Amino acid sequence: MSGDGRSDGKGGTVYRAASRPRLPGRLPGRLPARVPGRGAGGPPVVRGVRAVVRAVRKFVSAVRALPNPRLTGLGSGLFCTLVMVLIACLDRLLFGGSALAYGLLFLPVSALTAVWVRPADLVTAPVAVPIAFAVGMLPISGGADGFVGQVMGLFTALAMHAGWLYGGTLIAGLIASVRKIRLMARKRALRASAGAGAGRGRSPQQRRMPAQHS
């Protein structure tokens, strides 16, 4: 008999349906194993990176929605100083002069100072930021009475919380550097496009003709 049927011993033939071919590596009655990293967002590292990227995109969108002034070097220094003095006064009233709250709020103020300064004065942002931090520390430095006591308290506070000072200055410096690099690249691209346009406007004879000097 063929493989599609068999004899039942009584002269009859019993046929059976051909079984479906099995896929390699798959057991009957079981679903295929799920490949790690697929579905459900992938491994924890991938999900964490995606969450960070989404948070950065939201932050960039929020910053772009803010006003986009162009401050001079002096204007950016005054802006940062006044904002930090105001933050220090509010910190003293609400939190009793918490250096943690002051330092946390100093970081976004440093970033905004570097973002809002005009391109011609980008170098002033990393200089104005630490000065504003030091001036703003006066209301919460906790120095003794008198000029000397206030100065000693200010230097002590700056030494104890220098991490916030370095962090804000680093943020301002990085933002100013990135803006400067992008500005230089944009100018280079404009010069290249202008040169290419001038070359296309000349005829082939003019291109081969050497420059004549009187």
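Residue check: is Ala114 modelled with pLDDT of 90 or more, of a type in the set (Gly, Ala, Ser), crowded, with 22+ Cβ neighbours inside 10 Å and in contact with a strand residue (DSSP E or B) (Cβ under 9 Å, 6 or more places away or on another chain)? Here the answer is no, as Ala114 does not meet what is asked. On inspection, Lys187 does not qualify as surrounded by 13 or more Cβ atoms within 10 Å (Cβ to Cβ) and among the charged types (D, E, K, R).
Filter region 127-166 for residues that are touching a residue at least 40 places away in the same chain (Cβ under 8 Å), over 16 Å from Gly97 (Cβ atoms), small (Gly, Ala, Ser) and surrounded by fewer than 19 Cβ atoms within 10 Å (Cβ to Cβ) and give the result. Result: Gly163, single match.
Scanning region 112-123 for residues that are in a helix (DSSP H, G or I) and either charged (D, E, K, R) or more than 22 Å from the chain's Cα centre (by Cα) (or both) yields Ala120, Asp121. Taking the condition surrounded by 14 or more Cβ atoms within 10 Å (Cβ to Cβ) and either within 29 Å of the chain's Cα centre (by Cα) or touching a residue at least 60 places away in the same chain (Cβ under 8 Å) (or both), does Gly173 pass? When the stated conditions are applied, Gly173 passes them. Entry remark, region 73-111: residues being within 17 Å of the chain's Cα centre (by Cα), without any contact (Cβ under 8 Å) to a residue 40 or more places away in the chain and buried (at least 16 other Cβ atoms within 10 Å of the Cβ) number 0 in total.
The values are calculated or read from the model by the stated rules, or taken from the named source; none is laboratory data. Only a predicted model underlies this, so the values are computations on that prediction, with no experimental measurement involved. In this analysis, Cβ positions are derived from the backbone assuming ideal geometry, glycine residues included, and neighbour counts consider all displayed protein chains.
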